[in-house]
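*Asks:* Dumping the structure here so I can ask a few things about it.
Laboratory data are not the source of any read-out in this text; all were calculated from the coordinates shown. Here the structure is a predicted model, which is why all the values come from computation and not from measurement. With ideal geometry, Cβ positions are generated from the backbone for all residues, glycine too; neighbour counts draw on all protein chains shown.
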Amino acid sequence: MTRPDGVGHGRERATILPVDLDAFFAAVEQRDRPELRGKPVIVGGGGPDDRGVVSTASYEARRFGVRSAMPLRTAGRLCPEGIFVPVDGAKYQAESRRVMTILRRFTSRVEQVSIDEAFLDVAGSEALFGPPEEIARRIKAAIHAETGLTASVGVATSKLVAKIGSDLRKPDGLVVVPAGEEAAFLAPLPVSRLWGVGPATTTALAELGVRTIGDLARMPPDALERRFGKHGVELIDGAHGIDRDPVHEPEAVKSVGHEHTFDRDTSDPEELERTLLGLADGVAWRLRGMGRRAGTVVVKVRDSGFRTVTRQAPLPEPTDLAEPIFQAALRLARPEMRGKRIRLLGVTGTHLDEPDQLGLFSSEDDRRHRAMQAADALKRKFGDRTIVRARLLDRGLPAPFERDPSSPLARRGVDESSDEPERVTFERDPDADLAPSEGDAPDLLT
Ligand code: DCP
Ligand code: MG
């Protein structure tokens with residue numbers, strides 16, 4: 001697509017796919033509680049008398065005008081039959097992670113932009129999965145089969161046009177805008193569909209007689225620039241479907257680690273072992289989320305006198321499972337812990353392999369199976385109260401393992417010298433020439 005002045009966005013093919021789950025939190029609740037299906041479900045806070053706001057509403061509730069960010073009281077007034085459900089953040093995070101893992105089976109070029117939304121660039125995946133439209137169908141089918149949720153997907157040459165497309169036929173939509181048809185696709189839509197066009201700009205444009213994106217595209221550019229300044233130039237680009245922002249791949253990560261500082265220094269072998277297990281589980285969990293495996297385990301042991309040692313050893317084979325990471329960590333840490341009171345333990349996986357095209361070579365079922373085998377092995381070893389995270393949560397520890405890997409906090413990593421009780425660290429590849437994007441996933445839940 002090329003602007004009248006000859007400026008194009010440089011992409012000749014429609015390979016950008018936004019994927020956005022439909023009524024995400026509400027859909028998860030309707031999936032898990034069949035009695036809520038087909039009903040107006042409002043997720044957020046304690047109910048219509050609560051002072052909070054709506055997180056999201058099922059499409060049934062939206063028919064009454066209920067929207068995200070609306071006060072719960074207003075929602076209760078608009079939709080008296082609405083069923084109010086509290087937010088279950090950990091559950092939605094886990095679901096989000098499953099969906100992102102599915103997306104990464106289709107390409108490594110996945111940019112997660114919120115808890116339920118990502119952009120993919122599938123140029124390069126076509127030999128394996130077919131043309132972009134076919135990939136879009138497969139993605140929708142895989143998400144539905146594996147999570148029971150529906151997603152809306154767009155296909156276009158730019159994020160802007162593809163996203164407008166994916167929003168257009170929600171829920172369960174699929175809109176393809178072939179290269180060269182952007183202007184025709186956008187022309188009849190209201191200007192408010194464009195990014196950065198809120199109520200004020202919409203009103204100002206209406207005063208100029210501009211209501212649709214087509215009206216906007218026909219406006220003399222200098223008139224828009226005079227009226228809106230720099231924003232005017234963006235408006236003109238938008239009206240022509242021009243958006244040069246590429247899909248930003250995740251930063252190259254070299255290692256994944258978790259640390260725990262004990263409330264009170266301890267020499268209790270059971271507590272030390274259990275903590276290593278929890279840390280190993282967190283590392284494995286995170287690796288699986290990234291589609292990576294660690295080749296080496298590093299442990300860090302700090303005693304009550306602040307003496308810190310790190311020990312590392314290669315794993316028998318690269319892994320993303322808790323059990324081998326835990327076994328290696330225990331072997332490394334045990335001699336360092338003997339006869340000491342321990343202040344801090346850390347477990348890190350390094351020498352990560354290349355991002356896995358996961359499902360290409362091993363089916364998701366295989367992977368789940370392996371993960372479950374590992375859980376079973378741990379169960380055999382530690383008896384029945386074994387869900388590792390649950391055991392750690394029982395002890396009142398924070399839940400570092402539920403942190404969204406793409407959250408700004410986790411991406412930033414944490415200062416090595418700080419002494420926070422529980423930390424997630426990412427070490428970036430200094431060679432990777434990938435600037436962190438401004439559009440980091442909003443950390444909705446943490
Ligand atoms: N969310 C929230 N508060 C907001 C907006 C969103 O807590 N103000 C949460 C709840 C949503 C989730 O984020 O389920 C995803 O946001 P979306 O904007 O994608 O909204 P939905 O997925 O709920 O609906 P849609 O079908 O319009 O995408
Ligand atoms: Mg959504």
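*Asks:* Counting other Cβ atoms within 10 Å, keep those with at most 14, restrict to DSSP loop, and tell me which trypsin sites (Lys or Arg not before Pro) in region 79-185 are left.
*Replies:* Details: sites: Lys91, Arg97, Arg98, Arg104, Arg105, Arg109, Arg137, Arg138, Lys140, Lys159, Lys163, Arg169; in loops: Arg105, Arg109, Arg169.
Here the sparse-neighbourhood loop sites are Arg169.
*Asks:* What FRET efficiency comes out for Glu81 versus Asp268 if R0 is 51 angstrom and r is the Cβ-Cβ distance? Round to the nearest 0.05.
*Replies:* On the way: r = 54 Å, r/R0 = 1.06.
FRET efficiency, Glu81 to Asp268: 0.40.
*Asks:* Now for a different question. So which chymotrypsin sites (Phe, Trp or Tyr not before Pro) in region 125-196 pass both tests, a DSSP loop state and at most 13 other Cβ atoms within 10 Å of the Cβ? Could you put the intermediate results ahead of the total?
*Replies:* Working: sites: Phe129, Phe185, Trp195; in loops: Trp195.
Those that pass, being in a loop and sparsely packed, are Trp195.
*Asks:* Multiply the residue separation of Thr296 and Arg341 by 0.36 nm, subtract the distance between their alpha-carbon atoms, and state the gained length in nm to one decimal. Intermediate values should be presented prior to the final figure.
*Replies:* Working: separation 45, 0.36 × 45 = 16.20 nm, distance 2.61 nm.
Full extension from Thr296 to Arg341 adds 13.6 nm.
*Asks:* Okay, moving on. Which pairs, out of Lys39/Lys163; Lys170/Lys230; Lys140/Lys254; Lys91/Lys159; Lys300/Lys340, put more than 23 Å between their alpha-carbon atoms? Write down the numbers at each step before the final one.
*Replies:* On the way: Lys39/Lys163 28 Å; Lys170/Lys230 32 Å; Lys140/Lys254 31 Å; Lys91/Lys159 29 Å; Lys300/Lys340 14 Å.
Pairs exceeding 23 Å: Lys39/Lys163; Lys170/Lys230; Lys140/Lys254; Lys91/Lys159.
*Asks:* Taking 0.36 nm per residue of sequence separation and subtracting the Cα-Cα distance, how much length would be gained by fully extending the chain between Arg218 and Arg13, in nm to one decimal? Intermediate values should be presented prior to the final figure.
*Replies:* Values: separation 205, 0.36 × 205 = 73.80 nm, distance 2.45 nm.
Fully extending the segment from Arg218 to Arg13 adds 71.3 nm.
*Asks:* How far apart, in nanometres, would the label points at Val233 and Ala204 be if each is projected 7 angstrom from Cα along the Cα-to-Cβ direction?
*Replies:* Placing both labels 7 Å beyond Cα along the Cβ direction yields 1.6 nm.
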